[in-house]
1. Once the cut-off is 20 Å, how many percent of the Cα-Cα pairs in region 439-528 end up in the long-distance tail?
2. With the Cα gyration tensor of region 178-230 giving a ≥ b ≥ c as the square roots of its eigenvalues, does the rule (a/c under 1.5 for rounded; else a/b larger than b/c for prolate; else oblate) give rounded, prolate or oblate?
3. Please give the FRET efficiency for residue 281 paired with residue 473, using the beta carbon to beta carbon distance and R0 = 41 Å, rounded to the nearest 0.05.
4. Dipole magnitude of the chain about its Cα centre, charges +1 at Lys/Arg Cβ and -1 at Asp/Glu Cβ only, in debye to the nearest 20?
5. Expressed as a rounded percentage, what relative contact order does the chain have, with Cα pairs under 8 Å and six or more residues apart?
6. Using DSSP loop states and a limit of at most 15 other Cβ atoms within 10 Å to flag GluC sites (Glu not before Pro), what is the longest stretch of the chain containing no flagged site?
7. Among the trypsin sites (Lys or Arg not before Pro) within region 382-434, which fall in a DSSP loop and have no more than 12 other Cβ atoms within 10 Å of their own Cβ?
8. Looking at the calculated P(r) for region 304-395, what percent of the C-alpha pair distances fall above 15 Å?
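Each value in this text was obtained by applying a stated rule to the coordinates, not by laboratory testing. All values derive from a computational prediction rather than experimental measurement. Glycine gets a Cβ as well: all are built from the backbone with ideal geometry, and neighbour counts include every protein chain shown.
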Amino acid sequence: MSHVTDVKFLFSRLFSLKNGLNTRWGIRKFSQDFDKQAQALPKGSVSPLPPLSEPLTNLPSVIYTSAKSEDYFTEVTTLSNGLRVASEKKFGQFCTAGVVIDSGPRFEVAYPNGICHFLEKLSFGATHKFATRDVMLRELERHGGICDCQSSRDTTVYATSADSRGLEAVTQVLAEVTLRPQLSTEEIEAARQAVAFELDTLSMRPEQETILMDMIHAAAYKGNTLGLPKICPPENVNKINRGIILNYLKNHYTPDRMVVAAVGVEHGPFVEFVQKYFVDMKPTWHSEETSSFKPNVDKSIAQYTGGLEQEECEIPLYPGSDLPELSHVVIGLESCSHGDPDFVATCVLNMMMGGGGSFSAGGPGKGMYTRLYTNVLNRYHWMFNATAYNHAYGDTGLFCVHSASPPNRLYDTTIVIARELANMAGKVGEIELKRAKTQLQSMLLMNLEARPVVFEDVGRQVLATGKRKPPSFFINEIEKITADDIVRVARRMLNGRPSVAARGKLAHLPSFEEIQANMSLSSSEASPQGRRLNLFRV
C-alpha cells in the first residue's frame, strides 16, 4: 500500500470517528451530548450549579473552631523518681517531643572541657534497643520523623518531630538516646574525628560569632561556670573517652535534672509512655549501688569578673567577595538572669539597640531604626557589623555588642561601641521605646507559631521554674516597660566592669582602661571625651 493510500485511509477513519459512524467501539458523541445538556440549562445560565453568590444546597452546617484557654494550657506531671513530664495541645497531625536536661559546659568544672561538644556528635547513635544509628533513624522515618540535639552553656536538648500517631515509638527513641546509649569505641572515635574536623573548619571560616561568644564568656566569667568553653579545646580532643563520658552522664542525666516535653499530644498517654520507657527501664549506668548513689554536680553560682580576652590572628576572607579583611571586637556587661524582675526591660533594651550587618535588604521589622543602625552603621562607613546580644541564664546574664571593621579602624570602632553602650543610660525617646516594645512582642508571637519553638519554650520554662508562663504574660509585661525602666537597667549594667573579647589583627585595639573610661556613666551624661573620630580617613 502506497503512502498516499495510507493517508487517505487514516483520514477516512478519523472522519468516521468524528461523526459517530463507527458505533462498533461504543464511541460517545461528545459534541452532540454537550449540545443536549446545554439545551437543558435555564435561560441565561452557563452551568447547572448556582452562582458563587449563593451557597450550595444540601450541605451540612458549618462548625467554626474557637480559641479555648485549655487548648493552650501546659500540663505538668512529676513522676515517682522526680522526672517532670510537660505537654501542650496544638492543632495538627504532627508533634514535637524531646528531653531538656540541666546539662552544659558550665557544669564541666571537674571534667575535661568539651564533653558536651562530644555528646552532640554522639547523639541519636546506637543504643541497647537500636543496634545502629541507621536502625533508629528508620524507626523515626516510619512516622515521618526527624531528630536533633543541641546544647547551650547550661542546657542540652534532644528533640524529635514526627506524626503524633507514632508518639510511643518517638518516646522510646528519646529514652534510648538519653539513658541507654552504647557509646561504642567506634562511635567515640567517629565523634572525636567530627570534633577535630569542626575545630579545623572554625579556624578557616570568616564567620567569627561562635569563637567570639566563647571568648566574651571567658572574659566575663574567667575560669568559672559560664566562662568554661563550649567548643572543645584542641588539647582535650584526645583526652575524652568512654569512661569520662559515662561518668558525666551518670552524674548529670538524672531524673531531677530532666524534663520530657511534647507539643501536639494528649497528656495522659504521653505520661504513660514516659513512665514505661524513662522510669521502668533503667539507664546504661544503672547498677545495684545506684540506689545509694549521690550525683556529684557543680552547683556554683556564676561569678562575673570582667576583663579582656584577645587573640592575634589573621581572619579568613569571604571567598568571591569584595569585603576587606576584618578585625572583631565584642564589648559586654553583666546583665540579669531570666528570673530577675529586670529581665523583660533588658530584652526591650536589647531590641532598642538592635543592629546587624552593614548590608541589609531593609524593610519593615528589620530593625533598621535601631540605635546601632542609626547611630553607628549609617554614620560610619568603615563599620561592617554592630549587633547587640543578651544572654540570660539562671543566675546571671551577659549583654554585649559585637562589631567588625578593617584592622586600621579598630580603635575607632571600639570607642564608638563603648560610647554607644554608655549612651544607653541617656534619654529614651517615646517613639523608639514604642517601636522596640512592638518589635519584641511581634517577634515573640511569630516565633511561637512554630511548634518546635513552643516545645523548647515549654521544656526550658518547666526545667527552670516548674511551670510555663503563657505568651500573654510576657506581652503584658513588655507593655508595662517605661523609659525609666530602660535607664535603670542600663545604669545597673554600666556600674559594673566591662568584658572585652577581640580577635584578628589587634595593633590598633585600645587598652582595657581606655575602653572602660569611655563606658563610664560620667561620659554618658556629658559629651564623650577623647579624640574626635575622623569619618573620612581611609
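1. Values: 2453 of 4005 pairs.
Percent of Cα pairs beyond 20 Å in region 439-528: 61.
2. Numbers: a/c = 3.41, a/b = 1.48, b/c = 2.31.
Here region 178-230 falls in the oblate category.
3. On the way: r = 37 Å, r/R0 = 0.90.
Calculated value: 0.65.
4. Details: 57 positive and 59 negative charges, 324 e Å.
Value, rounded to 20: 1560 debye.
5. Values: 875 pairs, mean separation 92.2, N = 538.
With pairs under 8 Å counted, the relative contact order is 17 percent.
6. Longest run free of exposed loop sites: 1-206.
7. Values: sites: 409, 419, 427, 434; in loops: 427.
Hits after loop and neighbour filter: 427.
8. Working: 2913 of 4186 pairs.
It works out to 70 percent of all Cα pairs.
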